[in-house]
Amino acid sequence: MPAALTIKDLSYRFPQRATPALDRISFEVQPGECVALLGPNGAGKSTLLLHLNGLLPEQFEGAPRIWIDGDPIQPGNLPEIRRKVGLLFQDPEDQIISATVFEDVAFGPRQLGITGTDLNRLVSDCLSRVGLPGFEAREPHRLSHGEKRRVCLAGVLACRPSILVLDEPTSDLDPRGRREFKALLRGLPGAKILATHDLELAVDLCQRSIILDSGRLVAQGETLELLANEELMLAHGLERPHSLLHAHPHQAEYQLHRL
Ligand code: ADP
């Protein structure tokens with residue numbers, strides 16, 4: 001079975017910038033795996049995530065550097081790649097496009113040719129999965145921030161992606177919203193890659209993490225091991241999460257199994 005995501009030697013420089021935003025990045029995400037992308041602001045996390053959906057046109061100038069389920073991302077297969085890669089933007093306001101929740105969740109599957117009762121069933125099923133059953137007629141702009149984010153997630157799930165790409169999925173959520181969204185993500189099948197400053201989220205959901213800094217991949221490995229490495233964390237503008245501050249290694253192990 002091919003990796004859900006393979007990146008080989010990916011570099012990228014924004015046209016007007018002197019230094020690369022991504023510098024020779026290589027890693028894989030296996031089917032079903034959830035991987036956290038960590039690093040300070042400006043590390044290149046969002047730029048990397050945009051590449052996974054083919055959103056930066058200059059990325060197609062050389063040979064393919066990214067494969068989804070073994071298929072290279074290239075101009076000829078972008079519609080198929082965009083169906084397979086479900087990208088949840090950081091700000092739901094950037095993702096919501098319709099006047100009703102139904103239309104918003106239905107947008108992607110409609111593009112895939114799903115209509116009628118199949119579409120109705122799919123939308124209602126996806127809304128139930130994200131904890132918003134019966135929200136079809138609601139107006140997205142009147143929902144809370146957490147609900148908007150769930151609507152966006154329902155729209156992404158409706159396209160049945162093979163990998164979910166999440167940019168700061170818990171930012172701007174209150175503690176309860178964060179807890180609920182985390183539980184929701186944990187219950188979703190398929191591979192996930194999430195960029196986050198929420199290290200508790202990384203510990204809770206991702207067995208493996210990758211640290212980026214200045215466009216370079218500076219470390220990857222078991223999340224608990226990386227986060228326990230104080231020198232590494234400080235060197236890249238990160239902090240050990242509160243829940244691990246006083247943990248001994250065997251407690252950290254316990255922490256992982258509890259989740
Ligand atoms: P992160 O998501 O880790 O905070 P970004 O991917 O947003 O990092 O940014 C990586 C680098 O690319 C930064 O130096 C940033 O200033 C630069 N950058 C991001 N977007 C653009 C853009 N549209 N034009 C030029 N430079 C950009």
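The values are calculated or read from the model by the stated rules, or taken from the named source; none is laboratory data. The shown structure was predicted, so the numbers you read here are calculated from the model rather than taken from an experiment. Cβ: placed from backbone, ideal geometry, glycine included. Neighbour counts: every protein chain shown.
Details
- Lone qualifier among 146, 155 - being in contact (Cβ under 8 Å) with a residue 60 or more places away in the chain, farther than 23 Å from residue 30 by Cβ and touching a Phe, Trp or Tyr at 6+ places or on another chain (Cβ under 8 Å): 155
- Some residue of segment 68-79 being at pLDDT 90 or above, within 16 Å of the ligand (Cβ to nearest atom) and surrounded by 15 or more Cβ atoms within 10 Å (Cβ to Cβ): no
- Options 191, 219; residue that is out of contact with any Lys or Arg (no Cβ under 7 Å at 6 or more places or on another chain) and more than 25 Å from residue 81 (Cα to Cα): 219
- Taken over segment 151-176, the criterion of being within 23 Å of residue 113 (Cα to Cα) and basic (Lys, Arg) is satisfied by 160 alone.
- The set of residues from segment 201-240 being touching a Pro at 6+ places or on another chain (Cβ under 7 Å) and surrounded by fewer than 17 Cβ atoms within 10 Å (Cβ to Cβ) comprises just one member, 237.
- Residue match in segment 154-161 (condition: over 26 Å from residue 51 (Cβ atoms) and surrounded by fewer than 21 Cβ atoms within 10 Å (Cβ to Cβ)): no
- Residue satisfying all of: in segment 1-19; under 18 Å from residue 55 (Cα atoms) and of a type in the set (A, V, I, L, M, F, W, C); surrounded by the most Cβ atoms within 10 Å (Cβ to Cβ) among these: 5
- Residue check for residue 211: within 13 Å of the chain's Cα centre (by Cα) and assigned to a strand (DSSP E or B): no
- Scanning segment 168-205 for residues being part of a loop (DSSP other than H, G, I, E, B), within 16 Å of the ligand (Cβ to nearest atom) and either hydroxyl-bearing (Ser, Thr, Tyr) or at pLDDT 90 or above (or both) gives a total of 7.
Yes or no, residue by residue, for (1) of a type in the set (Phe, Trp, Tyr); (2) under 30 Å from residue 175 (Cα atoms):
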residue: 57; (1), (2): no, no
residue: 60; (1), (2): yes, no
residue: 118; (1), (2): no, no
residue: 132; (1), (2): no, yes
residue: 143; (1), (2): no, yes
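- Identity of the residue in segment 1-35, in a strand (DSSP E or B) and near the ligand (Cβ under 9 Å from one of its atoms), that ends up nearest to residue 227 (Cα to Cα): 22
- Whichever residue in segment 36-53 is closer than 16 Å to residue 170 by Cβ and either assigned to a strand (DSSP E or B) or among the aliphatic types (A, V, I, L, M) (or both) and, among such residues, is farthest from the ligand (Cβ to nearest atom): 36
- The residue that is farthest from residue 47 (Cα to Cα), counting only those in segment 97-126 that are crowded, with 21+ Cβ neighbours inside 10 Å and in contact with an Asp or Glu (Cβ under 7 Å, 6 or more places away or on another chain), is 123.
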